[in-house]
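Here's the structure, in structure tokens; my notes come after.
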Amino acid sequence: MATSGNGSAAVPAEVDVAVVGAGFSGLYMLYRLRELGFSAMAFDEAGDVGGTWYWNRYPGARCDIPTTDYAYSFDPRLEKDWTWSEKYATQPEILAYLRYVAGCYDLRRDIRFGTRIAAASWDEASRRWRLRTNHGGEVSCRYYIMASGCLSLPKTTDIPGVDRYRGEVYLTGRWPHEEVDFSGKRVAVVGTGSSGIQCIPVIAREAARLTVFQRTPNFSVPAHNGLPPPDRTAQLVADRDGYREAARWSRGGMPMELTDVSGLTASEDLRRQRFEDAWQAGELFAILGVFNDQGINPVSNELVAEMIREKIREIVSDPDTAEALCPKDHPFGTKRPCLDTSYFETFNLPHVRLVDLRRTPIVAVTDAGIDTVEESLEFDVIVFATGFDAMTGPLVSVAVTGAGGLTLKDKWEHGPATYLGLMTAGFPNFFMITGPQSPSVLSNMAVSIEQHVDWVADCLQRLRTEDLDRIEPTPLAEAGWVQHSQDCADITLYPRANSWYMGANVPGKPRVFLPYIGGVDAYRRACDEVAEQDFVGFRLDGPAASRCNDGVIRRLQPDVAIVLEFMASLGLPPMETMTVADARAFAAATAATLPPGPEVGEIADAVLPGPAGDLEYRLYRPPSSGPHPLIAYFHGGGWVLGSQDSDDPFCRDLCLRTGAAVISVNYRHAPDDRFPAAADDAFAAVQWIAANAAGLGGIPGQLTVAGWSAGASLAAITCQLARDAGGPDIARQLLLTPVTDCDLGRPSYSGNGEGFVLTAALMRWFWDHYADEAERAQPMASPLRGTLAGLPPAVVVTAEFDPLRDEGEAYAEALGAAGVPVRHIRARGHVHTSLTMVDVVISGAPVRAEMAEALGSFRSAPIQI
Ligand code: NAP
């Protein structure tokens, strides 16, 4: 074999697989590749194995996931032979563990240390990657795997004057191997992330004076370090395989019971008790899971945040220092919280001082210390704990050039785009272990690393078995995953923080949420499904054959998917198999379990005269003083179910978003009162509301007619009847996922007819109860068949996974063709019912906001009658 030397050991000219990195992921990757009989070589700039634990040797460095879980699980022998001494092990102990693992499998033999891969380029002709090392050596490989870690490239210190300083300077992420002596010295620490918070108490024990420069206070909870947690250890001893499997299918990569306690509804006692338990547990996932809604609801989040601030105020004696240490600029958890040992207590020591850079920013580092806007401070040592160019930094720091000459850096100029965080289109045979858009840093890394390595190893094995030698994600699959990953982040509070999760800590870096927040379990399921469905979204090529099962693996909004999974888990009988009375009772009981929706100014119940007796209605008034525009609203329920109660949260939301008074009118239901009773009632109600607009607190001439589902059908029909009758004046119509036609043969009926709450079978049941076959084609039942010219401007909302999608789209299109101004909003990833699930399906909120904005945009439009 031809080789090119790198000083210490030979580098082979050709291997099947090259791996960058010899930390947790690189070591296991190498082990799996060898096991499968691939020739493989790993490269690491470091002098030995360890990755992050090789470089981060600063005092106090420890893991923040308990050692029971922060370890390999692939070989039970390792777990038998290695015993952790602490719940959160020190850096030397973790490094010793990784050295031990490398020794167990003789992995160093295939690792070249002190060797950095400087550049990599894809050669399409040979279908191989050509890598160049920092020593000028070249390696050719079929597959190129970056196992380079998420937090391995320290951020360039962006404070002016750093080069001028004449004292000792240290970077936590590149700590020297020799012990640093702080005794008797004046020490500055810049940065209060996990690294700063871990090293500050330890440095304080030695230094003569310690000054901490804090730009953003961080949430931290006590680690309560000690022996490995007895409860977890006992579970492992009793059933090791069960425990590890539970971790693999957990939300964060550790077995953990998820709570169903909401911060919004829990009693004060329960809130406090759950918080205290989490505070005492000293585990990240415990404090991140005090309430089930703290990651998505700002009010619930603030409860936890404030309880942590109370703890800080209790611990820190000086009130000004305590207040400066209290984080207030980001929701709890949206920047990674820290686990500490006596961090806040350290500020009670007489020789420790906090400089709040929000009040007195740093001007520059000088030759003798640090100048702030207020003072010049001299130091013997400055420690920068200023963080990393996280996740994408280590990947784009290598000049990776893919097919067609595009570099990874250029491709990701506006943010990373990956398929499953494993691969990226245009870069065939290039894999990332815990890449962006995979759970990685939001999870127990040990579990996520094993999952990625196993997926890649299984994939390479399958390619070999099927005589394939090239794999690349398709642009469609990648765009779908990027969207899904973004959708997951968007329903949380995470994007609100200026965190390294968002790339916000590095000047000029695109602001994009980098990891996948959908959970280790959901993520693993997606990866498994991709492989099971013949690598959906990947193009596979070999000498003899090529194939591609193109597609998007997750298209539903993540919270919609959760609702559907939950409903499926209940195993309820389909509604169309129930009696009408049971179906009504079931629908009412379900509605009663949902959150109430936002507070409005005023709610009043009353009746209005209908053609066959009084019709109940509920009036929602905005908090602002009136008069207000009016919205006459008709509830959903297939003409059979529902009342003015059933859409209550949605009506409140509509009232607040539009600033209109909403009048939600009940109408006669089938089968008791069949077609056209509901339509007659709706028209009569709108006539009455228009005639009584001023008395209702409305602005005459500012009436919108709105509805959802069958109620939207009634709204559409009412607009047609009003036009034909020469009044009343209707300014706008809002049709949310409307029934517009009796033809159940459209593609959305077959594509979305099952599994998305409203089924094709249920829709048939509704129609059968409502109208005879012969009546259904009349415009009073199927407004799509009516004349549409001269109708009021319309906002039509359709949902992607709704059987009614196509008839809603057809109505929007037909309105436009008839000259009616239309705003058609397509709710991506939504089902028929999800947009009305206020405070349950968070991803519905932006759609409702767009809906309200669209209505507003028609406000000045001329009335169309
Ligand atoms: P970090 O969380 O990004 O914290 C960096 C700190 O430096 C922040 O307080 C930041 O302030 C400050 N900073 C950055 N540039 C600054 C400047 N120019 N002037 C003043 N202050 C500046 O980095 P880290 O502490 O190294 O931690 C990174 C991640 O590594 C952690 O979140 C965690 O995931 C992992 N980690 C884990 C452990 C563990 O417990 N196992 C230990 C260390 C690290 P701003 O917030 O205002 O930007």
Length added when fully stretched, Asp260-Asn498, from 0.36 nm per residue minus Cα-Cα = 82.8 nm
What percent does the relative contact order of region 1-101 come to when contacts are Cα pairs within less than 8 Å and at least six residues apart?
-> 23
Electrostatic dipole magnitude of the chain [Cβ: Lys, Arg +1; Asp, Glu -1; Cα centre; debye, to 20] = 1880
Surface per residue (accessible, 1.4 Å probe) for region 295-384, Å² | 42
Label zone at Asp158 (point 7 Å along Cα-to-Cβ), backbone N below 14 Å, region 504-534 | 504-512
For Val400, distant residues with modelled amide H under 5 Å away | Ala120, Leu408, Lys409
Distance in nm between Thr590 and Asn134 label points, each 7 Å along Cα→Cβ, equals 6.0
Shape call for region 415-506 from the C-alpha gyration tensor, a ≥ b ≥ c root eigenvalues: rounded (a/c under 1.5), prolate (a/b greater than b/c) or oblate?
-> prolate
Would you work out which of Tyr770, Gly751, Val686 lies farthest towards the positive end of the dipole of region 636-782? Charges go on Cβ: Lys and Arg +1, Asp and Glu -1.
-> Val686
Could you tell me which of rounded, prolate or oblate describes region 1-100, using a ≥ b ≥ c as the square roots of the eigenvalues of the alpha-carbon gyration tensor, with rounded for a/c under 1.5 and, failing that, prolate when a/b is larger than b/c and oblate otherwise?
-> oblate
For region 597-602, in order, what is each residue's ³J(HN,Hα) by Karplus, 6.51 cos²θ - 1.76 cosθ + 1.60 with θ = phi - 60°, in whole Hz (x at glycine and Pro)?
-> x, x, 6, 10, x, 7
Computed over region 714-865, the Cα gyration tensor eigenvalues, each multiplied by 5 and square-rooted, give semi-axes in Å (largest first) of 24, 21, 12
Could you check how much of the accessible area of the chain is carbon and sulfur, as a whole percent, using a 1.4 Å probe?
-> 52
Compute the signed sum of charges (Lys and Arg +1, Asp and Glu -1) over the other residues within less than 12 Å, Cβ to Cβ, of Val665.
-> -3
Calculated from DSSP helices alone, with each H run of at least 4 adding -39500 (n - 2.57) and the total divided by the residues of the chain, [θ]222 nm to the nearest 500 comes to -10000 deg cm²/dmol
Rounded to the nearest 0.05, FRET efficiency between Cys104 and Glu35 (Cβ-Cβ, R0 22 Å) equals 0.95
Gain in span if fully extended, Ala281 to Arg127, counting 0.36 nm per residue against the direct Cα distance = 50.3 nm
XL table Lys87/Lys335; Lys328/Lys409; Lys185/Lys335; Lys80/Lys311; Lys185/Lys509; Lys311/Lys509; Cα-Cα > 30 Å flagged, in table order, is Lys328/Lys409; Lys185/Lys335; Lys80/Lys311; Lys185/Lys509; Lys311/Lys509
Quick one: if you take sqrt(5λ) for each eigenvalue of the C-alpha gyration tensor of region 529-611, what semi-axes come out, biggest first, whole angstrom?
-> 47, 19, 13
Write down Rg/Rh for region 157-249, rounded to two decimals, with Rg from the C-alpha atoms and Rh from the Kirkwood relation over Cα pairs.
-> 1.15
Grab the other residues whose beta carbon is less than 10 angstrom from that of Arg848, score K and R as +1, D and E as -1, and report the net.
-> -2
Based on the Cβ-Cβ distance from Glu754 to Ala368, what FRET efficiency comes out when R0 is 60 Å, to the nearest 0.05?
-> 0.25
How much net charge surrounds Ala781 when only the other residues with a Cβ under 10 Å from the Cβ of Ala781 are counted, with Lys and Arg +1 and Asp and Glu -1?
-> -1
Quick note, the chain: a/c under 1.5 would make it rounded; otherwise a/b > b/c is prolate and the rest oblate (a ≥ b ≥ c, C-alpha gyration tensor); here it is prolate
In nm, what is the difference between 0.36 nm times the number of residues separating Trp82 and Ala818 and their Cα-Cα distance?
-> 257.4 nm
Any idea how far apart Asp614 and Leu227 come out in nm if each label point goes 7 Å out from Cα toward Cβ?
-> 7.2
Post the alpha-carbon centroid distance, region 634-702 to region 350-380, in whole angstrom.
-> 64
Report ³J(HN,Hα) in whole Hz for each residue of region 383-395, in order, from the Karplus equation J = 6.51 cos²θ - 1.76 cosθ + 1.60 where θ = phi - 60°; Gly and Pro get x.
-> 10, 9, 10, 9, x, 10, 7, 7, 6, 7, x, x, 6
If r is the Cβ-Cβ distance from Asp181 to Glu378 and R0 is 22 Å, what FRET efficiency results, to the nearest 0.05?
-> 0.75
Expressed in nanometres to one decimal, the distance between label points 7 Å along Cα→Cβ at Arg764 and Glu599 is 4.8
So, in Å, what gap is there between the alpha-carbon centers of region 184-217 and region 760-816?
-> 66
Whole number please: convex hull volume per residue, Cα atoms of region 739-793, in Å³.
-> 105
What GluC sites (Glu not before Pro) in region 458-563 are in a loop by DSSP, with at most 15 other Cβ atoms within 10 Å of the Cβ?
-> Glu466
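The values are calculated or read from the model by the stated rules, or taken from the named source; none is laboratory data. No experiment lies behind these values; they were computed from the predicted model shown. Cβ sites come from the backbone with ideal geometry, for glycine too, and all protein chains shown count toward neighbours. Protein only, heavy atoms only, side chains kept; ligands, DNA and RNA dropped before computing areas. Shrake-Rupley method; radii C 1.70, N 1.55, O 1.52, S 1.80 Å.
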